[in-house]
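To start, the structure itself, in structure tokens.
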Amino acid sequence: MGSTRPAIRDTAQRTGTPKRSAVVAALMLAMALAALDATIVSTAVPQIVGDLGGFSVFSWLFSGYLLAVTVTLPVYGKLSDTFGRKPVLIAGAALFLLGSLLCAVAWNMGALIAFRIVQGLGGGALQGTVQTLAADLYPLKERPKIQSKLSTVWAVSAVAGPGVGGVLAAYADWRWIFLINLPVGAVALWLIVRYLHEPQRAKDAGADTTATRARVDWAGALAVFACGGVLLTALVQGGVAWPWLSVPSIALFATGLALAVVVVIVERRAADPIIPGWVWRRRTIAAVNLALGALGLLMVAPTVFLPTYAQSVLGLAPVAAGFVLSVWTLSWPVSAAFSQHVYRRIGFRNTAMLGIGTASLILLAFPFLPYPGQAWQPTLLMLLLGAALGLFQLPLIVGVQSTVGWSERGTTTASVLFCRQTGQTLGAALFGAVANGVLASRLGGASDLDSVTRALDSGSAAPEATRRAIADAVHAVYLGASAAAALAFLMLLLLAPRRFPVLKEDDSRTTDGDLGVGR
């Protein structure tokens, strides 16, 4: 193997810890921006609709952002492998800030939705490139430190988003939700431009770097974007804007499948495809992609349905209900940081299997909680779930990034994040259908689903039948989430190699090998 140390890490070693710390600070700020904007708009919807109108389409404020982030992840991953991390991160951050500024001056709901999509186009670059740079900056034995920091930033920002949005909408103006991104993003951009330096990297395994940089599969990028956008639109809007078996739903799925065929044809003919076939031919990467797709699926249960359960069944106020969910942000990063001590002994795969197997049992325990129960019971389960998932996710991300060289790391990281995001989209559609079905059967028909909204307003004063129906619906969702966790366990058991094929990239990797992290 003719590869050398990753260029960014060489720079960090030559320029010293302060400059690397400045780059890490920029990455954490960029991660916070991407995470906050996924949720910050939720509590400001009444003010936005009151000002701009468009209540019938406001859900696209979230769906549009989610779609743009998800479908651009593989594109940005490939571009970062081709042109380097810095130009992709700078372009993504600039596009994100432009979208934020445009959102702040939106004159109607249609314009705001369009500008949220622009934000999402930049957000895809932030998510994928930040995770890739984290692996570039640190050798294998130090990666849990930066990954646990990024996990903490992501979790805290995602949970704090609704609260921050509510405060800004109530005491300032909803437009400040987007304007606040500008100074934070400007600091992140300045730190990246000033301190992140990527020397010209050496050729990997004799590859012609100049030729590689010259080939960009723009046709494949457009095909991936179109296919992903159509299919994810069908999943996000199906059962919400129209019935699953309606003409719009069937037409979107048929179009998406046709575009998927186009993607396969275009990518097979491309000299340097956006989604290369090796992403799925290599057992390790394929297994991690599928397992983290299942993680995205199961995460919908607590993040979407637990606050509803806490308010309508337990009778908690919105702030208290948010606390029940947020406790997993305490245990997740702690467990993720601790996971290095586990995977150095038993390996990446076995550590992840231990975490997801435990998570499956914790999710399975939720339907057995007493009714109506007390707040500490789901809180304790969420604390334990965060610890289990921290033990699951970080070893897989660190492990899969360590099986590829610099020139493939962006594509690999993007494929992992893409699968996780897609899993969340599938989970929202699937579990939403499950919950609505249970509610409709318990309440005597779809026409009584409005009582759920009233239950959220009245808390424990809601009718007993409605509270019981909501509890049953959430229990069914958690059973599905437990099944998703079990599926992830099986995929790792059957598909992932017992020992990840970790590459030797620098002198520290020799020490890592002695510690057995490649198992």
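The values are calculated or read from the model by the stated rules, or taken from the named source; none is laboratory data. Everything quoted here is computed from the prediction, not taken from an experiment. No Cβ is skipped: glycine too gets one built from the backbone with ideal geometry, and neighbour counts run over all protein chains shown.
Scoring Trp244 on the criteria (1) surrounded by 17 or more Cβ atoms within 10 Å (Cβ to Cβ); (2) of a type outside the set (A, V, I, L, M); (3) closer than 27 Å to Ala476 by Cβ leaves a single failure, condition (1). Do the conditions hold for Ile117, that is, is it assigned to a helix (DSSP H, G or I), in the same structural domain as Ala106 (by TED's automatic domain parsing), surrounded by fewer than 23 Cβ atoms within 10 Å (Cβ to Cβ) and free of Cβ contacts under 8 Å to residues at least 60 places away in the same chain? In short, yes. Comparison of Ala414, Ala428, Ala435 shows that the only residue that is of a type in the set (Gly, Ala, Ser), part of a helix (DSSP H, G or I) and out of contact with any Phe, Trp or Tyr (no Cβ under 8 Å at 6 or more places or on another chain) is Ala428.
Residues of the range 273-289 that are buried (at least 20 other Cβ atoms within 10 Å of the Cβ) and in a helix (DSSP H, G or I): Val279, Thr284, Ile285, Ala287, Val288, Asn289. A residue that is crowded, with 21+ Cβ neighbours inside 10 Å, at pLDDT below 85 and of a type in the set (Gly, Ala, Ser) occurs somewhere in the range 293-310.
For every residue, the table says whether it meets (1) touching a Pro at 6+ places or on another chain (Cβ under 6 Å); (2) farther than 30 Å from Val398 by Cβ.
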| site | (1), (2) |
| --- | --- |
| Val236 | no, yes |
| Arg283 | yes, no |
| Ala286 | no, no |
| Ala294 | no, no |
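Could you tell me whether Arg20 is of a type in the set (Lys, Arg), assigned to a helix (DSSP H, G or I), at pLDDT 50 or above and assigned by TED's automatic domain parsing to the domain that holds Leu112? Here the answer is yes, as Arg20 does meet what is asked. Counting residues in the range 368-391 that are part of a helix (DSSP H, G or I), farther than 28 Å from Leu316 by Cβ and at pLDDT 90 or above gives one or more.
Under the condition of being of a type outside the set (A, V, I, L, M) and without any contact (Cβ under 8 Å) to a residue 12 or more places away in the chain, which residue from the range 368-418 is surrounded by the most Cβ atoms within 10 Å (Cβ to Cβ)? Applying the filter and picking the extreme gives Gln377.
Residues of the range 154-179 that are farther than 22 Å from Thr329 by Cα, out of contact with any Leu (no Cβ under 7 Å at 6 or more places or on another chain) and surrounded by fewer than 21 Cβ atoms within 10 Å (Cβ to Cβ): Ala170, Tyr171, Ala172, Asp173, Arg175, Leu179. Can Ala226 be described as over 20 Å from Arg420 (Cβ atoms) and touching a residue at least 12 places away in the same chain (Cβ under 8 Å)? So Ala226 passes the test.
If the condition is being closer than 18 Å to Gly165 by Cα and surrounded by fewer than 24 Cβ atoms within 10 Å (Cβ to Cβ), then the range 66-103 contributes Leu66, Leu97, Leu101, Leu102. Within the range 290-320, being among the hydrophobic types (A, V, I, L, M, F, W, C), more than 16 Å from Asp472 (Cα to Cα) and in a helix (DSSP H, G or I) holds for Leu290, Ala291, Leu292, Ala294, Leu295, Leu297, Leu298, Met299, Val300, Val319, Ala320.
Reported count of residues in the range 320-334, each being in contact (Cβ under 8 Å) with a residue 24 or more places away in the chain and touching a Pro at 6+ places or on another chain (Cβ under 9 Å), is 4. When Trp328 is tested against (1) more than 30 Å from Leu439 (Cα to Cα); (2) of a type in the set (Phe, Trp, Tyr); (3) surrounded by 19 or more Cβ atoms within 10 Å (Cβ to Cβ), only condition (1) is not met.
Of everything listed in (1) modelled with pLDDT of 90 or more; (2) over 28 Å from Arg175 (Cα atoms), the single unmet condition for Gly84 is (1). You will find that of Ala365, Ala317, Ala337, the residue that is surrounded by fewer than 23 Cβ atoms within 10 Å (Cβ to Cβ), touching a Pro at 6+ places or on another chain (Cβ under 6 Å), in the same structural domain as Ala469 (by TED's automatic domain parsing) and in contact (Cβ under 8 Å) with a residue 12 or more places away in the chain is Ala337 and no other. Would the range 132-147 turn up any residue that is outside the structural domain of Val300 (by TED's automatic domain parsing), at pLDDT 85 or above, crowded, with 21+ Cβ neighbours inside 10 Å and closer than 27 Å to Leu396 by Cβ? Looking through the range 132-147, at least one residue is outside the structural domain of Val300 (by TED's automatic domain parsing), at pLDDT 85 or above, crowded, with 21+ Cβ neighbours inside 10 Å and closer than 27 Å to Leu396 by Cβ.
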